[in-house]
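Trainee: If you scroll down you'll find the structure; I have some questions about it.
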Amino acid sequence: MSRLAATGLAVAVSLLAPPLLGVPALGTEALAQQTEVPAKEAFDAAKELGTIEGWNAFLESYPEGFLSNLARAYVKKLEEGGPEPTPAPTAAQPKAKKETPATPANSEDEAVGAPAVVPGKPAVARGAKFMGFTEQFNRYYTDPSWKPAKTVFVSPDGRGDGASRETPSAAKDAVLAAAPGTKIHFLRGKYDACFNFTKETGGTYDEPVVLYAERNDDKSIGVSMTCCKSGRASCFNLEAADYVAIDGFHMTGGKYGVRIVGEGYDASQHSRGIAVLRSTGNDQDRDPFFSGQSDWNVWEANLGFGAKKDDGHGIYISNGSDWNIVRFNETYGNVSSDFQINADPASTCADEGIPYDDARCDAYAGEGEGGRGASDYFLVEGNYFHDGASAGPNFTSVRRSVVRNNVFGPQARHNVSFWQETDNPKLGSSDNKVLHNLFITTGKHGVQFSVHSTRNLFANNVLVGVTIDGGTVAANPEALLMEVDETAGDNVYRGNLYVSGKIEGREPGSEEAARDDFSAGWFAKFPSAVGGSPNDFTPTGDSPTVGAGKILADAPADRNGVARAGDVDLGPIEVK
């Protein structure tokens, strides 16, 4: 809070408090004159309090004017038991000054600000804190009460004005005319897609642009798109556009399904506030979902599969992007890493003449223009990344992030890697919390920490080595469950279970367990082929994971929103 805002808050509190014993109370007018707080600051202070008493205190001092009328509207809403009224649309906001919290600790008793899992609700509410920072995500995601200023209906063959379902316009015309507060409602059907957004056709923090795909009657995806082969060859190409939400599309072909990039590598040139939700991308030459130089993005409930050899990642987040939520997505059958976060310091730093140990490259997000060479403050939660044609997820120069309640694997090659591409220790994947995940491998490493990827807390995870032969899943003592090199010696390991396999670079600690046997009956329905769902890995009552862990501050609930308490189950799902 600013010094002036704090002063305004003190005024509002003073108006509510009784006078001190023996000290006469000042009248409201005299108090306002003595403190010399402008009406706008007192209004903001009352809004921060969020109570009827606070608003009445404001109105006693400032009974007339626009702000007073707005305050009375807040009082009315509170008296009716409803939410506070949505503020009027504002102009595009400048890039907010970023906050820098303290370095997160590796103790399970010290949370770093990752919100709890609540199924069906956003990970972060509008205006809340995320990893110690005031959120700057897309309002369509954080604020279910948001309403568009204008809705335009479009169809595959639309020729109308778009004002109603009966008179839909062409989608390309609606995209060209998009403005903050616009919702473009795509009627069901098949579209040829090559839609481009720029800073001029994007939205703002208060008023996003929303691209909504109408569902079928059974709630399945009702809008399918064939991505174009010209230009960026993307169904949706966002070039330096801010605050665009893409909700519910099925995109096939092209190079990308969704492509998001900023204006440059400096933090101030990143795009921000994109939300890609409940969408499917498949058979792209490069990546179904791709971003670079883009902060405060949300990737939730998406499916990416069949990415081809030109790049081949299911979801690829690159170029030093920060503050992203990656939640409840699924990827499989992609040629390269199913999921990859890669800051690309060779491109963002070295190719720009910036040494890897320059603060512009290795500083944390929120420190000036620094952080090009790393990706900081991610929440990676509840995803199912499995059965890729090559490697599993790459966390490359990912720092100060929370990775929890995911199912990783199996993969055709190795599974999850925490590493980096330079020799600068500051760019290792470090200071992360890796909690309550299930790692499955059929041979090469289930999880790896290397190249200065250290100071991570790795706790309450389950690592399983198996062979899969037809419909049979059995123990695999030759599977490499974990690999740790000599540069990652400061990681902390607690409450993990290592099942049927080996570890290289360390031994299980006194607060961990290992066993040679494995039974598919420890899980509700351990998959023996591609398919199924994360809930197939729900532990049964016979599982050694049940009640084997202690609760962690940054994992208060499982991937289904079941609250954890006392002796918790290891892995992503509680049996109770």
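The values are calculated or read from the model by the stated rules, or taken from the named source; none is laboratory data. What you see is a predicted model; the values in this text were computed from it and never measured. Every residue, glycine as well, gets a Cβ built from its backbone with ideal geometry; the counts of neighbours run over all protein chains shown. Protein only, heavy atoms only, side chains kept; ligands, DNA and RNA dropped before computing areas. Shrake-Rupley method; radii C 1.70, N 1.55, O 1.52, S 1.80 Å.
Trainee: Please give the FRET efficiency for ARG72 paired with VAL118, using the beta carbon to beta carbon distance and R0 = 30 Å, rounded to the nearest 0.05. Walk me through the numbers before you get to the answer.
Mentor: Values: r = 33 Å, r/R0 = 1.10.
Plugging the Cβ-Cβ distance into 1/(1 + (r/R0)^6) gives 0.35.
Trainee: Another question, then. Grab the other residues whose beta carbon is less than 9 angstrom from that of PRO180, score K and R as +1, D and E as -1, and report the net. Present the calculation step by step, with values, prior to reporting the outcome.
Mentor: Working: positive: none; negative: ASP206, GLU207.
My count for the surroundings of PRO180 gives -2.
Trainee: May I pose another question? Carbon and sulfur together cover what percent of the accessible area of the stretch 329-421 at a 1.4 Å probe radius?
Mentor: Working: 990 of 2180 Å².
Summing carbon and sulfur atoms, their accessible area is 45 percent of the total for the stretch 329-421.
Trainee: List, in the order given, every pair from LYS433/LYS525; LYS309/LYS502; LYS550/LYS576; LYS172/LYS229; LYS190/LYS255; LYS121/LYS147 whose Cα-Cα distance in the structure shown is over 22 Å.
Mentor: LYS433/LYS525; LYS309/LYS502
Trainee: How much of the pair distance distribution for the stretch 229-349 lies past 19 Å, counting alpha-carbon pairs only, in percent? Kindly include the intermediate steps, with their values, before the conclusion.
Mentor: Details: 2854 of 7260 pairs.
Tail fraction, whole percent: 39.
Trainee: For the stretch 455-514, which GluC sites (Glu not before Pro) pass both filters: DSSP loop (anything but H, G, I, E, B) and at most 13 other C-beta atoms within 10 Å?
Mentor: Details: sites: GLU478, GLU483, GLU486, GLU504, GLU511, GLU512; in loops: GLU478, GLU511, GLU512.
Taking the stretch 455-514 and a limit of 13 other Cβ atoms within 10 Å, the loop GluC sites (Glu not before Pro) found are GLU478, GLU511.
Trainee: Calculate one ³J(HN,Hα) per residue across the stretch 172-186 by plugging θ = phi - 60° into the Karplus curve 6.51 cos²θ - 1.76 cosθ + 1.60, and present them in order as whole Hz with x for glycine and proline.
Mentor: Whole-Hz 3J(HN,Hα) from phi for the stretch 172-186: 5, 5, 5, 5, 5, 9, 4, 9, x, x, 8, 10, 9, 9, 7.
Trainee: Could you tell me the convex hull volume per residue, in Å³, taken over the Cα atoms of the stretch 233-296? Walk me through the numbers on the way to the answer.
Mentor: Numbers: hull volume 4.1 nm³, N = 64.
Taking only Cα atoms, the stretch 233-296 has a hull volume of 64 Å³ per residue.
Trainee: Given bins 5 angstrom wide, list per bin the percent of all Cα-Cα distances in the stretch 332-377, short to long.
Mentor: Histogram of Cα-Cα distances, whole percents per bin: 6, 24, 24, 17, 11, 9, 6, 3.
Trainee: Name the shape class, rounded, prolate or oblate, that the alpha-carbon gyration tensor gives for the stretch 531-576, where a ≥ b ≥ c are the square roots of its eigenvalues, rounded holds for a/c under 1.5, and otherwise prolate holds if a/b is larger than b/c and oblate otherwise. Walk me through the numbers before you get to the answer.
Mentor: Numbers: a/c = 2.37, a/b = 1.33, b/c = 1.79.
Oblate.
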